Amino acid sequence: MKNTAVKTDLETQWKHIQARLLDEYGEATYSSWLKPLSFVDHHEDCVRLAAPNAFMRDWVTNHYAERVKTILQSENQHIQQLEVIVNSPLEGASPSEEPFLDTPEVGSNLDPRFTFTNFIVGKPNELAHAAALKVAESAVVTFNPLFLYGGVGLGKTHLMHAIAWHIKKCHPNRKVIYLSAEKFMYQFIRALRFKDTVAFKEQFRSVDVLMIDDVQFISGKDSTQEEFFHTFNAIVDQNHQIIISADKSPSDLEGMEERLKSRLGWGLVADIHPTTYELRLGILQAKADQMGTDVPQKVLEFLAHKISSNIRELEGALTRVVAHSTLIGRDITLESTQDLLRDLLRANDRRVTIDEIQKKVAEYYSVRISDMHSPRRARAVARPRQIAMYLAKQFTQRSLPEIGRKFGGRDHTTVLHAVKKVEELMGKEKSICEDIELLRRTLEG
Ligand code: ADP
Ligand code: MG
C-alpha cells in the first residue's frame with residue numbers, strides 16, 4: 001500500500017527539487033531532460049518518477065538519476081531507491097502536463113515567461129530583438145537563417161521562445177519546432193539506433209519554422225553536423241524559416257565544418273552584447289514590478305551596478321533578496337541585500353590587483369608609478385599614494401600589512417592612516433569624491 005501522506009509531502013517537495021535541478025543543470029539540460037519528469041509515487045524507501053518515453057527514461061537513469069536521488073534524500077532521508085519508469089496511462093500515472101509544441105517527441109517546452117512583452121530592450125540587444133520580432137511577425141521569409149549569438153544568460157533562449165509563442169498565437173497553423181542542438185543530436189542518435197531515420201528526417205523537413213538553440217553543442221560531432229546540414233538545406237530550399245542561436249558568431253564556431261559555418265552566416269547574423277548598467281536596471285525594475293514587491297530603488301541600483309556578469313545571475317540575485325524578505329517578513333534594505341548576497345557579489349567583483357590600482361592612480365594624477373613606492377612625502381605624490389592605498393583596501397582582499405608592503409614597505413599603521421584620511425577628505429571635499437568615483441569606474445572596467 002502506498003503511503004499517501006508521505007506521497008503528498010514528496011509531491012510538494014518535488015516542485016522544490018525541480019527548482020534545485022534547474023539551478024544546478026541550467027535551462028537547456030533541465031528543460032530537455034528533467035522538467036518532463038513527473039512524480040509518480042513513493043512506496044517504502046523507493047520513489048518512482050515517470051519519463052515521457054523509454055529513451056528519456058534510459059537517458060535520465062544513466063545521467064541524472066544519482067544526483068536526483070541525492071537531492072531527494074536531502075529532502076527525505078528515508079529514500080534509498082529511485083526508479084524512473086515510462087509514463088503510461090495504464091499505470092495510472094498522470095501524463096506530463098507540459099504543453100509540447102507540436103509533436104511531443106521533437107518539441108521542447110516553451111517557458112511561458114519568455115515572451116516579447118517580458119523582454120526589455122536596450123542598446124546591447126536591440127538588433128537581435130528587432131530581428132526576432134521581424135521574423136515572428138512577417139508572413140514571408142525575410143532572412144534565412146536568423147542567427148542570434150551572444151554570451152551565456154543574455155537572452156538568446158528568451159528571444160527564441162518569444163518568437164515561437166508569437167507565431168503560435170498569430171499563425172496557429174504554422175508548424176514550429178524549437179529544440180536545443182543537444183536534443184537534436186539525441187533524437188538523431190535515437191533515430192539511427194531504432195533505424196527510424198526516415199521518420200526523423202520527415203519530422204524536421206515538414207516544418208514551417210525550425211529553431212535550434214545552442215548550436216555550438218554539435219561542434220566536433222561530425223555525423224550530427226552532416227545530418228543538420230542536410231536538414232538545414234532542405235528547409236531553406238522550401239523557403240521555410242530557420243532560427244539558430246549560438247554562443248559565438250558563425251565564423252568563430254570551432255569544430256564546425258566550413259560549409260556549415262558559411263551557410264549559417266547566410267542570412268542575418270545578430271549579436272547580443274554584454275549588458276549595460278541601464279539595461280540591467282531596466283530589467284530589475286520590470287522584474288520587481290512583476291513580483292509585486294517593493295524593492296527600494298537604491299537596492300535595484302546597487303544590484304545593477306554590482307552584478308554585471310549576466311541576466312540570469314541578476315534575476316537570481318533579485319529573487320533571493322525578495323524571497324528572503326518575504327520569508328523573514330522584513331523590508332528589503334541595502335544592508336540586508338549586501339549581507340545576503342555576499343558570495344555572489346564577491347564572485348562578480350572583478351579581480352583588481354594593487355599594481356593595477358597604482359598604475360591607474362598614477363596615470364590619473366600624472367605622477368610616476370615609482371612614486372607609489374617612494375619615500376617622498378610631498379603632497380603632490382603623498383595624496384595620490386594615500387588614495388591608491390584606500391582603493392587597495394576597498395578593492396582587494398589584501399590585509400593592511402600586505403598593502404603596506406606593496407607601497408614601498410610601509411607599515412600597516414601608515415595604510416590605516418591613509419584609509420582614514422581619504423575617508424575624512426571624502427566627507428568634506430567634493431572633488432575627492434569625484435576623483436574616487438572616476439577611479440572606481442576605470443578599475444571596475
Ligand atoms: P541565454 O539563452 O542567452 O543563455 P536566456 O535567454 O536563458 O539566456 O536568459 C537568461 C535569463 O535572463 C532568462 O530568465 C531571461 O528571461 C532573462 N533575460 C535575458 N534577457 C532579458 C531581457 N532583455 N529582458 C528580460 N529578461 C531577460
Ligand atoms: Mg540559452
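Assorted remarks:
- Residue match in region 361-376 (condition: of a type outside the set (D, E, K, R), over 30 Å from residue 308 (Cα atoms), touching a helix residue (DSSP H, G or I) at 6+ places or on another chain (Cβ under 6 Å) and outside any helix (DSSP H, G or I)): yes
- Within region 109-131, being touching a residue at least 60 places away in the same chain (Cβ under 8 Å), crowded, with 19+ Cβ neighbours inside 10 Å and either within 13 Å of ligand 2 (Cβ to nearest atom) or within 23 Å of residue 228 (Cβ to Cβ) (or both) holds for 110, 128, 131.
Rundown of residues vs (1) within 11 Å of ligand 2 (Cβ to nearest atom); (2) over 27 Å from residue 25 (Cβ atoms); (3) not assigned by TED's automatic domain parsing to the domain that holds residue 262, yes/no style:
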{"site": "154", "(1), (2), (3)": "yes, no, no"}
{"site": "157", "(1), (2), (3)": "yes, no, no"}
{"site": "167", "(1), (2), (3)": "no, yes, no"}
{"site": "180", "(1), (2), (3)": "yes, no, no"}
{"site": "183", "(1), (2), (3)": "no, no, no"}
{"site": "187", "(1), (2), (3)": "no, no, no"}
{"site": "190", "(1), (2), (3)": "no, no, no"}
{"site": "194", "(1), (2), (3)": "no, no, no"}
{"site": "206", "(1), (2), (3)": "no, yes, no"}
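- All positions within region 355-373 that are farther than 17 Å from residue 434 by Cα and open to solvent by 20 Å² or more (accessible area, probe 1.4 Å): 355, 356, 359, 367, 368, 369, 370, 373
- For residue 299, the conditions (1) farther than 30 Å from residue 329 by Cβ; (2) surrounded by 20 or more Cβ atoms within 10 Å (Cβ to Cβ) all hold with the exception of (1).
- Subset of region 132-154 (residues that are within 16 Å of ligand 1 (Cβ to nearest atom), part of a loop (DSSP other than H, G, I, E, B) and under 20 Å from residue 117 (Cα atoms)): 153, 154
- Residue within region 179-193 that is over 22 Å from residue 33 (Cα atoms), more than 16 Å from ligand 1 (Cβ to nearest atom) and either open to solvent by less than 10 Å² (accessible area, probe 1.4 Å) or not basic (Lys, Arg) (or both) present: no
- Members of region 234-254 found to be more than 26 Å from residue 203 (Cβ to Cβ) and open to solvent by 50 Å² or more (accessible area, probe 1.4 Å), listed by number: 247, 248, 251, 252, 254
- Count of region 50-79 residues which are closer than 16 Å to residue 35 by Cα, under 25 Å from the mean Cα position of the chain (by Cα) and either among the polar types (S, T, N, Q) or not in a helix (DSSP H, G or I) (or both): 1
- Tabulated pairs, region 265-284, first surrounded by fewer than 21 Cβ atoms within 10 Å (Cβ to Cβ), second assigned to a loop (DSSP other than H, G, I, E, B) and β-branched (Val, Ile, Thr), C-beta under 6 angstrom, 6+ apart or interchain: 282/120
- Some residue of region 323-330 being small (Gly, Ala, Ser) and buried (at least 16 other Cβ atoms within 10 Å of the Cβ): yes
- The condition of being over 19 Å from the mean Cα position of the chain (by Cα), within 16 Å of ligand 1 (Cβ to nearest atom) and in a helix (DSSP H, G or I) does not hold for residue 161.
The values are calculated or read from the model by the stated rules, or taken from the named source; none is laboratory data. Given the structure is predicted, the values throughout are model-derived calculations rather than measurements. Virtual Cβ from ideal backbone geometry, glycine too; neighbours counted across all protein chains shown. The area values use the complete protein model at the heavy-atom level, side chains included, leaving out ligands, DNA and RNA. Shrake-Rupley method; radii C 1.70, N 1.55, O 1.52, S 1.80 Å.
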